[in-house]
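Rule-based calculations on the coordinates, nothing more; no lab input. Because the structure is predicted, anything quoted here is derived from the model rather than measured. Cβ placement follows ideal geometry from the backbone for every residue including glycine, while neighbour counts extend to all protein chains displayed.
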Amino acid sequence: MADIGRARTPGAPDTDGRARTPGAPDTDGRARTPGAPQAHNGAAGVRALPSRKPLDHRGLLWVDVSDTIYFITIAAAERGGTMLIDNADTIMNAARFYQDKAKWFLYLFLIMPDHIHMLVRVPPTSQLSDVIGHWKSYLAIQKGIRFQVNFFDTRIRDAAHYAEKWNYICQNPVARGLVEAPREWKYVIAFDPATGEEREHR
């Protein structure tokens, strides 16, 4: 029976009684790193594929998230369509509602045909995943606007990273060939962090 999952001492006899040279090919023809455990194989010798873990949007325990700004991407349930800009007024009104109710603070919010980008901060008493999840659920249940189950988030590290993501978001419609200049894209909201009022994004 194969010796599966245990570390092998370099030069120690294998289960067939033969000493193994460190780094020499194993019985499956692959070189093995000394001390590395053997991989598990599935039925009929087929390697089992790892299961994909759900994304974890919880803040790290050692990170002060009270002033953390996130770069968020939310994708429509069906990529490649125009459902989001077809419902842009509804989506932007829902974003403004969350802003007015202090459920989040938006710096920049831009709708593409099949996904949304935003720079956002949530209250320190809230979980990012809860805020985004509830907002998506409202649009799905009340308005029939459906998104993919998860979303992608990146913590903004510093001012340079913030400027990079701001520019990326604004240039997204240009890069996709939808407009020639960022100011021509109308499915966008920006807020002044000093006043909380809407402002021009470019």
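Of note:
- When residue 145 is tested against (1) among the β-branched types (Val, Ile, Thr); (2) under 24 Å from residue 199 (Cα atoms); (3) touching a helix residue (DSSP H, G or I) at 6+ places or on another chain (Cβ under 8 Å), exactly one condition is not met: (2).
- Boolean, residue 77 is among the aliphatic types (A, V, I, L, M), farther than 22 Å from residue 157 by Cα and surrounded by fewer than 17 Cβ atoms within 10 Å (Cβ to Cβ): yes
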